[in-house]
Amino acid sequence: MAYPPLPPPPPAPEWRAPAAGRFQAPPLPAAASAQSPPPRTPSPGVGPSAPIATPAVLALVFGFLFAPLGIVLGHIGLSRVKRTGERGRGLAIAGLVLGYVGLVGGVIAIAVTAVGLAQLGSAPTASIPYEADEGGSTGIGSATDGVAEAPSEDEGTTANEEPVPAAPQLSRVAQEYCPAGDSIAFEGESTSFAVVVCAGTSGYTYAGGNAEFGYIAVPAVARNGGWVAANSAVEYSVSDAVLLAVDRQTGEAIVAEPMLWSTRFE
């Protein structure tokens with residue numbers, strides 16, 4: 001059985017351009033316009049135009065002048081730059097470096113100075129400054145002042161040509177510097193000095209020194225198993241064990257020598 005043929009399709013509608021002014025684009029939805037990012041504006045105090053943090057500048061200055069303050073200001077400057085966005089981080093770091101270097105250098109200098117002063121103070125001195133005593137004597141060079149140059153070793157007799165005893169140096173010291181009529185209570189020698197203590201009715205007399213610095217004679221008193229004498233500058237003390245000379249102004253020991261030998265006559 002045959003079917004009848006299909007009818008032809010209808011013709012396509014003719015396209016015509018819309019009249020001017022009659023076509024409008026549909027408006028954007030409100031949600032799309034709300035999602036548009038707002039224009040960005042630079043924050044104040046950030047970027048090349050930002051001011052320099054004042055603590056950072058001060059840290060660099062005091063890193064040269066006063067290291068501890070430079071260190072404190074450097075840390076404050078770094079904290080402020082990080083918090084506010086100001087410039088000056090490099091200045092704060094430079095101040096910290098200078099401060100720590102100066103602090104370490106100052107500590108080393110103080111330690112070296114202290115060690116040097118300690119060594120200088122502990123260095124022994126082999127001389128006694130015979131300055132003016134309480135009676136006004138100069139301590140060197142005049143027999144009328146109670147002090148004279150040590151006699152030379154080749155003199156074998158005294159002024160009256162009598163034989164010299166077994167210890168000529170100490171005997172001459174006693175004869176020249178002790179008051180007439182006094183007897184020898186003590187005599188001895190340390191590493192560098194000879195000492196005689198005479199006893200008489202007026203008390204004790206300390207006479208001591210050497211050929212290089214001369215001799216001195218001053219009144220003395222017995223104390224702690226020895227004798228102590230002093231003039232305006234130095235206090236002398238002698239015993240069987242040690243000879244001391246102490247500066248009366250500073251209290252420092254000028255001489256501290258062990259006695260090589262000593263003899264008591266009391």
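The values are calculated or read from the model by the stated rules, or taken from the named source; none is laboratory data. Values in this document were obtained by computation on a predicted structure and should not be read as measured data. A quick note on method: Cβ atoms are made from the backbone with ideal geometry, for glycine too, and the neighbour counts reach across all protein chains shown. Heavy atoms of the whole protein, side chains included, go into the accessibility calculation; ligands, DNA and RNA do not. Shrake-Rupley method; radii C 1.70, N 1.55, O 1.52, S 1.80 Å.
Things worth noting here:
- In loop segments of the range 162-266 as defined by DSSP, the trypsin sites (Lys or Arg not before Pro) with at most 14 further C-beta atoms inside 10 Å of their C-beta are ARG248.
- Solvent exposure ordering (accessible area, 1.4 Å, most first) of ILE76, ILE254: ILE76, ILE254
- Using θ = phi - 60° in the Karplus curve 6.51 cos²θ - 1.76 cosθ + 1.60, the 3J(HN,Hα) couplings for the range 216-229 round to 9, 9, 9, x, 9, 10, 7, 7, 6, x, x, 9, 10, 9 Hz; x is entered for Gly and Pro.
- In this structure, the amide hydrogen of VAL234, modeled 1.01 Å from its nitrogen in the peptide plane, lies closer than 5 angstrom to those of ARG248, counting only residues at least 5 positions away or on a different chain.
- These residues, GLU189, GLU14, go from largest to smallest accessible area, 1.4 Å probe, as GLU14, GLU189.
- Residues whose placed amide H lies under 5 Å from that of ALA220, excluding near-sequence neighbours: TYR204, THR205, TYR206
- When the residues THR84, THR54 are ordered by accessible surface, computed with a 1.4 Å probe over the protein chains alone, the sequence from largest down reads THR54, THR84.
- Surrounding net charge for VAL238, when Lys and Arg each add one and Asp and Glu each subtract one, Cβ distance under 13 Å: -3
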